[in-house]
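Structure first, then comments.
The values are calculated or read from the model by the stated rules, or taken from the named source; none is laboratory data. Here the structure is a predicted model, which is why all the values come from computation and not from measurement. Neighbour counts run over all protein chains shown; Cβ positions are idealised from the backbone, glycine included. Remember, those area values only see protein heavy atoms, side chains included, never the ligands or the DNA or RNA. Shrake-Rupley method; radii C 1.70, N 1.55, O 1.52, S 1.80 Å.
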Amino acid sequence: MRRTVLAALAAMLAFGGGACADNFPSHPITLVVPFAAGGPTDAMARILVERMQNTLGQTILIENVTGAAGSLGVGRVVRAAPDGYTVSIGHLGTHVANGAIYKLGYDLVTDLEPVALLPSNPMIIVSKNAVPAKSLGELLALLKARPTPATAGTAGAGSGSHIAGLYFENITGIKLQYVPYRGTAPALTDLVAGQIDIIIDQTSNSISQVRAGTIRAYAVTDDKRVESASDIPTTDEAGLPGFHMTLWSGLWVPKDTPKDIVAKLNAAAVDALNDPAVRKKFENLGLQMPPKDQLSPQALGAWQKAEIAKWWPMIKAANVKVE
Ligand code: MLT
């Protein structure tokens, strides 16, 4: 009797282990985007899945689960079955900063399995056209002279646009009044409409409106110009030396997802990142491709830990209040 139970258990594990990885994916995968549709994270996800589906031979559905600077969307993946069919896309905000701000109810490192590092986005300082500043120097002077803080759109406390704001305040001593949205897509709509004053946004999100002349750009937060927007100076050139921030992104799955399923998802992501047509789309958006030797799941895990060590002290010192 005992022997048959053990044999059955071994068979089940074999089916649970190797077999499901062998025929993974056998039905559609869900990629959870923790911000509003049409924003920078959503745009990156849509370009990526279009190509990853080819490698995996399976549909990848995008589900936008928004709120609390992306922490609700990440939580949805943490609670999902560790079978590779629910994947999280996120970034420095969702997978680093939120852990220093929110009581998440999950651990960003131990409750998730890294899959692959994705492109990174230099941030860009933009304002509504009604702001009468023609350069970053003029903008800083104007923000300093204002009797009340300027309103800065963000995707919520802990989001990339918020962390960039905290860092900006830290470096300039200029206070900002944050206005949270469910993503920087709706924030950008309000900037174009003149409802808010500035956003420190992801270049890929704002660049089309900058080119359309509906908002004003002052600088990109990097030590080199963005190839596809080379008319916009760097913060070093524009008078805010050292204010550098690029928002890196990544893919994660729930902890305990079988290693060979993680490997299949990683391989599909790497295929997409190596595809010249995909790279062109990303570069046109001002995105920077991750280094080729940083594409393993382990590389993302190590990078995430290093970024937690780097950013948490500043974020905790800012004592961010969330409801
Ligand atoms: C978005 O997709 O809306 C952004 O990634 C939000 C942000 O973190 O600023």
Revision key, fill the gap. Using the Kirkwood radius over Cα pairs of segment 128-181, the Stokes-Einstein translational diffusion coefficient at 37 °C and 0.692 mPa s, in µm²/s and rounded to a whole number, is 282 µm²/s
Check your understanding: Could you state the per residue volume, in Å³, of the convex hull enclosing the Cα atoms of segment 55-186?
Key -> 143 Å³
Practice item. Skip the ligands, DNA and RNA, and give the accessible area per residue of segment 77-233 with a 1.4 Å probe, whole Å². Key: 36 Å²
**Study point:** Unit charges at the beta carbon, dipole of the chain: most positive-side option, 86, 248, 219
**Key:** 86
Review point. Over segment 188-307, what is the relative contact order in whole percent, taking alpha-carbon pairs under 8 Å and six or more residues apart?
Key: 21 percent
Review point. Peptides 312-321, 231-240: what's the order by average Cβ count within 10 Å, highest mean first?
Key: 231-240, 312-321
Check your understanding: Distance from the Cα centre of segment 221-293 to that of segment 22-95, in angstrom?
Key -> 17 Å
Practice item. Just grab the label-to-label distance for residue 146 and residue 314, each label 7 Å out from Cα along the Cβ direction, in nm (one decimal). Key: 2.0 nm
Exercise for review: Please list, in chain and number order, the residues 5+ apart from residue 113 or on another chain whose amide H is under 5 Å from its amide H, with Hs placed from the backbone.
Suggested key: 253, 255
Study note, to complete from the structure: With Cα coordinates, the longest principal axis of the chain makes an angle with the long axis of helix 297-317, in degrees rounded to 10, of 40 degrees
Check your understanding: Each label point is 7 Å from the Cα along the Cα-to-Cβ direction; what then is the distance between the points at residue 277 and residue 322, in nm?
Key -> 3.9 nm
Check your understanding: Residues with amide H under 5 Å of residue 155's amide H, sequence separation 5 or more or different chain, H placed in the peptide plane at 1.01 Å from N; which?
Key -> 161, 162, 181
Revision key, fill the gap. Nearest-0.05 FRET efficiency for residue 224 and residue 61 at R0 = 51 Å, using Cβ-Cβ distance, is 0.90
Exercise for review: Quote the FRET efficiency, to the nearest 0.05, computed for residue 81 versus residue 171 with a Förster distance R0 of 30 Å and r equal to the Cβ-Cβ distance.
Suggested key: 0.10
Check your understanding: Against the longest principal axis of the chain, how steep is helix 2-14, in degrees 0 to 90 to the nearest 10, with axes from Cα atoms?
Key -> 40 degrees
Exercise for review: Search the structure for amide H atoms under 5 Å from the amide H of residue 62, placed 1.01 Å from N in the peptide plane, and list their residues when 5 or more places away or on another chain.
Suggested key: 31
Study note, to complete from the structure: Carbon plus sulfur, as percent of the 1.4 Å-probe accessible area of the chain, comes to 57 percent
Review point. Given a cut-off of under 8 Å on Cα pairs at least six residues apart, what relative contact order in percent is computed for the chain?
Key: 26 percent
Exercise for review: Calculate I(q)/I(0) for the chain by the Debye formula, one identical point scatterer on each C-alpha and no solvent, and give its log10 at q = 0.07, 0.11, 0.13, 0.15 Å⁻¹ to two decimals.
Suggested key: -0.29, -0.67, -0.91, -1.17
Check your understanding: So how long is each side of segment 179-297 along the principal axes, counting just the alpha-carbon atoms, biggest first, in Å?
Key -> 49, 30, 28
